[in-house]
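As structure tokens, the structure follows; a few thoughts come after it.
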Amino acid sequence: MRLSSLQQYSVVTANYWAFTLTDGALRMLVLFHFHELGYSTLEIAFLFLFYEFFGILTNLYGGLIGARYGLRLTLWVGTLLQIFALLMLIPVAASWPKLLSVSYVMVAQAISGIAKDLNKMSAKSAIKVVVPVYADDAQTGESQLFKWVAILTGSKNALKGVGFFLGGVLLTSFGFNDAVGWMAAGLAFAFLPTLVLPADFGKMKDKPSLSSLFSKSEGINVLSLARFFLFGARDVWFVVALPVFLEASLGWSFWEIGGFLGLWVIGYGIVQGAAPALRRLWGKTTPPGVSSLQFWSALLTAVPALIAVALWREVDVSIAITAGLAVFGVVFAMNSSIHSYMVLSYTDSENVSLNVGFYYMANAAGRLTGTLLSGAVFLLGGMEACLWMSCLLVSLAFLTSCKLPLPPRHCVNPVQSV
């Protein structure tokens, strides 16, 4: 019996949630384990280098594979590769030479990066495939799309936050090797329901060519560049610099740092999921548009700058970082939620996996750049330098968004709301 659209969406989302838990936990496990072994922030950043680099390639070619062979295949391959990457990390030992450890973990992280972006591309593309957005009233259809995108994106990030906390707890309770083994077993169990998905799920009628890899849409291209700068701005201080800073400057334990970062990502995910409701509270009844993106990008530019000034003026570090991070999370969540909606608004259901793959390729490139800068800039100039770099990257995201055209279905109503 063929599953209904809602059942298909539920299966994909449940798998995505389970995957997200392991992805967040693995990041904390790798970061804390190798920091505990005495690795510098730049060396730790290199551990994530292949994770982000192969994410770029995966998003580029994953969209083509999904369009040609269906989203079921990309979802399966992504989940199974993550299980394999977790199993690879079980034998890692503190006695290994540093070069061997770094090289081996970089390979495992490369596989995990491929897995993560195949899984994410499949889940994000599935919304456009299964959610009935083309209602009689175009505006109602777009509002429905924004709602479902916000729910998936918000819940994913909330669970990634739980994963951060889980990683800290697992490392403290079981150690690195047993922790990755337990996560592999849990994800294998979550893979089983995806076996019922239909083979043609998300498959294009006409097979796309290699030339289709790069988007021909001006809106997708400009939005992708803005996404590159936006996520580089987040990761330049959040990925490596912040956890190390909290441990070195405030003396927090691994589980405390994992719990704090986890709570931040959970809160960030809640704001993302609630973005449509928050907009309604502010009296915004139409879907977000270009001016919405520009407003939230401009607002975000000020946040890392204010945190950097607070540290420079020697405001209590715990207050400056925690309060500043909370404000950054709310504003960044609104940015990200509108971004995730806009990419689907610029595309159609036939080309969705290609356009989403291209867009998240830019996302992965931004994370790669931010991760490397996070380790290098923190090593050279500390947390303040990372925050100023974040401010610069957000400014570039705002300037890029000023070049965005109106999405096709918004052309009938050019008045956009914040």
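The values are calculated or read from the model by the stated rules, or taken from the named source; none is laboratory data. Keep in mind it's a predicted model, so treat the numbers as computed, not measured. Neighbour counts run over all protein chains shown; Cβ positions are idealised from the backbone, glycine included.
Within segment 287-316, the set of residues being part of a loop (DSSP other than H, G, I, E, B) and touching a residue at least 24 places away in the same chain (Cβ under 8 Å) comprises PRO287, PRO288, GLY289.
One residue alone among LEU60, LEU49 is buried (at least 19 other Cβ atoms within 10 Å of the Cβ) and within 21 Å of the chain's Cα centre (by Cα), and that residue is LEU60. If you go through segment 272-294 and keep only what is at pLDDT 85 or above and in contact with a helix residue (DSSP H, G or I) (Cβ under 9 Å, 6 or more places away or on another chain), you end up with VAL290, SER292, LEU293, GLN294. Scanning segment 363-399 for residues that are buried (at least 24 other Cβ atoms within 10 Å of the Cβ) and either among the small types (Gly, Ala, Ser) or not in a helix (DSSP H, G or I) (or both) yields a count of 7.
Just one of the listed residues (VAL129, VAL133) is in a loop (DSSP other than H, G, I, E, B), at pLDDT below 80 and either in contact with a Phe, Trp or Tyr (Cβ under 9 Å, 6 or more places away or on another chain) or of a type in the set (A, V, I, L, M) (or both), and it is VAL133.
Among the residues of segment 212-268, the ones that are surrounded by 19 or more Cβ atoms within 10 Å (Cβ to Cβ), not hydroxyl-bearing (Ser, Thr, Tyr) and not in a helix (DSSP H, G or I) come to 2 in all.
The condition of being among the β-branched types (Val, Ile, Thr) and surrounded by fewer than 16 Cβ atoms within 10 Å (Cβ to Cβ) holds for only one of VAL290, VAL315, that being VAL315. Taking segment 63-77 as the range and being surrounded by fewer than 24 Cβ atoms within 10 Å (Cβ to Cβ) and either farther than 30 Å from LEU192 by Cα or of a type outside the set (Gly, Ala, Ser) (or both) as the test, the residues that pass are LEU64, ILE65, ARG68, TYR69, LEU73, TRP76, VAL77. Taken together, VAL30, VAL11 contain a single residue that is in a helix (DSSP H, G or I), more than 17 Å from the chain's Cα centre (by Cα), of a type in the set (Val, Ile, Thr) and over 21 Å from SER253 (Cα atoms), which is VAL11. Do the conditions hold for ALA277, that is, is it touching a residue at least 12 places away in the same chain (Cβ under 8 Å), assigned to a helix (DSSP H, G or I) and among the hydrophobic types (A, V, I, L, M, F, W, C)? The answer is no for ALA277.
Residue under question is ILE307, and the condition is that it be among the hydrophobic types (A, V, I, L, M, F, W, C) and over 23 Å from SER401 (Cβ atoms); does it hold? No.
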